[in-house]
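So the structure is just underneath, and the comments pick up after that.
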Amino acid sequence: MADLLQFSGVACADWARPHSFTLHAGETRLLQLASEAEKEAAIDVALGNRACDEGMVLLQGLPLRDGKPGSIGWVAAYGGLISNLKVWENVTLPLWYHAGHAVAETEQRVAYWLSVLGMAEDERESYMEATPDRLGSSQRKLAGLLRGLVQMPLVLVVDVALFEGIAPRLIPVWTGALEAYAAQGWAVLVVADRDTALPWQIIE
Amino acid sequence: MKNSLQRVQRRLGKRVLFVREGLALAWQAFRSLPAIARLPVRHNLFKQLYFGGIQSLGSASAIGVLFGLILVIQVYNLVGNNELLMLNVMIWVIVRELGPLLAAIVIIGRSSSAIASELAAMKVHGEIDSLQRMAISPAAYLVMPRILGMTFTSLALAFYFQVVAIGTGMAVTAWMLDVALRHEIAVFFETISFVEIASALLKSICFGVIVSAVSCHYGLAIKRAPTEIPKAASRAVMRSMLAVFACDVVITILLF
C-alpha cells in the first residue's frame, strides 16, 4: 500500500504530545486528540494551512508545501459552505478551482456520490439548486461531505463533528461512503477531539 | 499638546497603514490574475459584472439624462446662445471630470457597501477560513474578480454615463438653439482632445481599482463580530469616496 500522508513527530506549541503516523492508500483512520483546539490545529496542519512547530508532514513522501494544491480535501463539521453559492456551486467549487472538469463528468460524479449517500433521485435537483440558508443542519453537512468526495483528493480530512447531531440512520451510510472513497485508492483521516463510536482504527 | 501630537501621529499612522494595506491587497489580487482561467473565479467575475455593471445601467441612465439637462440649462442661463461654449463646457465638465466621478459614485453607492458587507459577513461566518482550508486563495477567488469586475464596470459605466449625459445635453442644445444635431456631433468630435479622453479612461480605471480594493480591504479587515459588518460597509463607502476624490485631484493636476 502506498504511503499517502505521513505525520512525523508533528507537534504544535499547545499540543499535549507529538503525533507520528502514516496513512496508506485505502485506509480510513481516526486521529484522536485531547481538545477541540488541538483538533482544529491538527486539521490545519494536515491541510497545509498551518506550519507545525516540530516534525514534518509528508504527502506521498514529499513535504506538504510541495504538493499540488487541493491534494488534501476537507470535510467540515457543519458543512463549511459558502453562503452566496448554491449547493451545486459549493459542491463543485474545490474540484473546479483546483482541477477543472467537464460539467457532464462532474454531474456523473455528483450523481454517483449522491446515490452512495442515499439521496433519492427526485430530491437531487431541488437540493442542488438550494442556497445554504434554506438547508437544515444535516443537509449542510451532507453538502460538505459531498464536496469532499466529489473533489477526489488524495487524502480526505474529516472533522468528526460531522457525525454529531445527524439522524442515527445516516451514520452508517456516511461512514460507508467514506470507506468506499478510501477503497478507490485514496485515504481518509477522521480527526476527533473526544471518544467516538465510529468504526475506524484509532491512530495511537 | 504632546497628547494631541501623539493622537495626530496615531491617526496619520492609521491612514498610512490603510493605504499600504489597500495597495498590498490590490497587488496580491493583481498577482492572482492567472486564476481567472479557473471556472469558479470566472463565475465570480461575471457575477460582479452583472451586479455592478448591468444592474447599474438604469441608475446611470437616469443620472446621465438628468445631469445633461441640468448642465445645459445652467450653461444656457450663463452664456446664452453660444453653441461652441456649451459644447466645451460639456467636455470640461462631463468628459474631464464628472463622468468618471459620477460613475464612481454610482458604483460606490451600489457596490462598495455590498462588497464590504458581503466579505465581512463571510469572514464573521468563517467562510474565508473554509476557503483557505480548501486551498482556495481568498485573494484569487474573492478579491481579484471584484477588482477586475469593478474596474471594467467603472470604465464601461463612465463611458455610458458620458454618452447619455452628452447625448442629452446635445439634443437639448440642438433643440434650444435650433441647430442641427448632426452638426453639433461633428463640432463635438472636432473639439474634444485625446488628453481629455485619456484622462477620462485613466480616471475610470483608477476609480474602479480604488473603490474595489478599499471595499474588499474593509470587508476582510474586520474582527469576527456581527456588529462589525455595518461598520465595515460604512467605512468602505466613506473611504472609497475620499480615496476617489484624492485620486481625481492627483490625475487632474498631472494631466491638466
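No value in this document is a laboratory result; all are computed from the given coordinates. Predicted model only: the values in this text are computed from it and were never measured. Because the Cβ atoms are built from the backbone with ideal geometry, glycine has one as well, and the counts that use them run over all protein chains shown.
Overview of values
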read-out: Angle between chain B longest axis and helix B:113-124 axis [Cα atoms, degrees, rounded to 10]; value: 10 degrees
read-out: Radius ratio Rg over Rh of the stretch A:52-204, counting only Cα atoms, Kirkwood formula for Rh; value: 0.96
read-out: Mean Cα-pair separation over length for chain A, i.e. relative contact order, pairs under 8 Å, 6 or more apart, %; value: 34 percent
read-out: Within a Gaussian network of chain A (alpha carbon springs, distance under 10 Å), most fluctuating of A:LEU145, A:LEU81, A:LEU62; value: A:LEU62
read-out: Value of Rg to Rh for the stretch A:113-171 (Rh from inverse mean 1/r over Cα pairs, i.e. Kirkwood); value: 0.95
read-out: Sequence ranges B:146-152, B:225-231, A:4-10, ranked by mean other-Cβ count within 10 angstrom, highest first; value: B:146-152, A:4-10, B:225-231
read-out: Added length on full extension, which subtracts the Cα-Cα distance from 0.36 nm per residue, B:ARG7 to B:VAL79; value: 21.0 nm
read-out: Computed log₁₀ I(q)/I(0) - Debye formula, equal Cα scatterers, no solvent, the stretch A:62-101, q 0.15, 0.21, 0.29, 0.31 Å⁻¹; value: -0.44, -0.76, -1.05, -1.10
read-out: On Cα atoms only, tilt of B:57-79 relative to the major axis of chain B in degrees; value: 40 degrees
read-out: Links that overshoot a 28 Å alpha carbon limit, given the list A:LYS68/B:LYS14; B:LYS47/B:LYS123; A:LYS39/B:LYS231; value: A:LYS68/B:LYS14; A:LYS39/B:LYS231
read-out: Mean Cβ neighbour count within 10 Å, used as a protection proxy, ranking A:69-78, B:196-205 highest first; value: A:69-78, B:196-205
read-out: Cα-based Kirkwood hydrodynamic radius, the stretch B:18-61, one decimal, Å; value: 12.2 Å
read-out: Kirkwood-based Rg to Rh ratio, the stretch B:83-168, C-alpha trace; value: 1.22
read-out: Quarter of the Cα convex hull surface for chain B, i.e. its orientation-mean projected area (nm²); value: 17.0 nm²
read-out: Principal semi-axes in Å for the stretch B:154-208 [√(5λ), Cα gyration tensor, largest first]; value: 25, 13, 6
read-out: Average beta-carbon neighbours from other chains, 10 Å sphere, peptide B:125-133; value: 6
read-out: The protein assembly as shown - convex hull of alpha carbons, volume per residue in Å³; value: 193 Å³
read-out: Spherically averaged projected area of the stretch B:116-256 from its Cα convex hull (nm²); value: 10.9 nm²
read-out: Under Karplus coefficients 6.51, -1.76 and 1.60, residue-wise ³J(HN,Hα) of the stretch A:84-99 in Hz, glycine/proline x; value: 9, 10, 6, 4, 4, 5, 5, 5, 8, 3, x, 4, 6, 6, 8, 10
read-out: 20 Å tail of the calculated P(r), the stretch B:186-256, as % of Cα pairs; value: 46 percent
